[in-house]
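Take a look at the structure below.
The values are calculated or read from the model by the stated rules, or taken from the named source; none is laboratory data. All figures in this text were calculated on a predicted structure; none of them were measured in a lab. Don't worry about glycine lacking a Cβ; one is built from the backbone with ideal geometry, like all the others, and counts go over all protein chains shown.
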Amino acid sequence: MNVLAGDIGGTNARLAVVAVDGSTLRKVRDHVYPSGQYDSLATIVTEFRRGDGTDVGAACFAVAGPVVDGEIKASNLPWVVRTTELAGRISVARTTLINDFDAVGFGVTRLGPTDIETLQVGVPDPAGPIALLGAGTGLGQGLVLREPSEPTGVRVVPSEGGHATFASRNEIEWGLAKFLAAGQGGGHVSYERVLSGAGLVAVYQYIVASGRAKEDPAVAAEMKAQLPQAVVTTRGVAGTDAACVQAVQLFASIYGSQAGNVVLQTLSTGGVYLAGGIARRILPVLRAGGFLESFTGKGRLAGLLSKIPVHVITNDMIGLLGAAVVAAS
């Protein structure tokens, strides 16, 4: 059977026809579209399918936003996607909508060795829960439970844990929390305010404002001309600017601490997988040790954390893979 899969974000819409043979998935054809240039998901799918005579038995689309009664109000697009309406317009009766981060959960057990970078091998429990964290536009979190009775083999439990209160652990993080609170008029500061693209820029601004490193005028000019988080990431990883280096290192340390928190809260003995573009781009910093030091630095439970596998997902098609898994089930 062939299925139609889609991973729909605010910037790009990735579509693919996938051939399913038992548990094997093989991409037949795919294309990436600029989401914002289209008035609806149905229009994109129609264009993708134009002139394609491949029979499709089912479809699944992962869209950024919560699914409520078969409907998604896209988080970063002026779209409302309804399952029944979409199914009719694309002529695929068996059409499903899922949240984009849920798609990561459905795809994670299908990843191969070339799709991940391992930060800590650990001792994986093949039946244990798997924790998902993904710093990107926001901080996605979720839990994957092994469910052999489910058609997909897993059950994905969504979470809004990224909005939990940021827990400062030392003087520099206390200062960061105060800086972020002041920037929004006081009140609640969540982990997402730190562990996201905008959060990385805020961490950089704090490093400069607190006098921990001076701002290079050339870097400031770059950040006005380019995407600021990309500048911080590139210079921080390359080591070409002191403020960017400190920002990326602090970001990685806090990321490790929150990943360890999630494991303790869920006993994710199956491992932790980091999704999202930021983790891929700062891999050298994550490998350097600060992430794992924070991840395992949980007092009496440090021994437990040292046995948990930690992986970074390097396959940027993970959402498309997860959508295909659901469509094929």
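One table, with the values for the structure above:
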{"item": "Lone unmet requirement of (1) in a helix (DSSP H, G or I); (2) without any contact (Cβ under 8 Å) to a residue 60 or more places away in the chain for Leu250", "result": "(2)"}
{"item": "Failed condition for Leu321, given (1) in a helix (DSSP H, G or I); (2) modelled with pLDDT of 95 or more; (3) buried (at least 22 other Cβ atoms within 10 Å of the Cβ)", "result": "(2)"}
{"item": "Among the candidates Arg287, Arg281, residue that is over 25 Å from Glu160 (Cα atoms) and of a type in the set (D, E, K, R)", "result": "Arg287"}
{"item": "Segment 206-227, subset of a type in the set (A, V, I, L, M) and in a loop (DSSP other than H, G, I, E, B), residue surrounded by the most Cβ atoms within 10 Å (Cβ to Cβ)", "result": "Ala213"}
{"item": "Selection within segment 185-228 - closer than 18 Å to Gly161 by Cα and either more than 28 Å from the chain's Cα centre (by Cα) or among the aromatic types (Phe, Trp, Tyr) (or both)", "result": "Tyr191"}
{"item": "Residue list for segment 36-76, filter: farther than 15 Å from Asp100 by Cβ and basic (Lys, Arg)", "result": "Arg49, Arg50"}
{"item": "Residue within segment 34-54 that is in contact with a helix residue (DSSP H, G or I) (Cβ under 6 Å, 6 or more places away or on another chain) and either within 19 Å of Met317 (Cβ to Cβ) or free of Cβ contacts under 8 Å to residues at least 24 places away in the same chain (or both) present", "result": "yes"}
{"item": "Identity of the residue in segment 73-88, crowded, with 18+ Cβ neighbours inside 10 Å and modelled with pLDDT under 90, that ends up nearest to the chain's Cα centre (by Cα)", "result": "Ala74"}
{"item": "Breaking point among (1) free of Cβ contacts under 8 Å to residues at least 40 places away in the same chain; (2) in a loop (DSSP other than H, G, I, E, B); (3) exposed (fewer than 13 other Cβ atoms within 10 Å of the Cβ), for Gly65", "result": "(3)"}
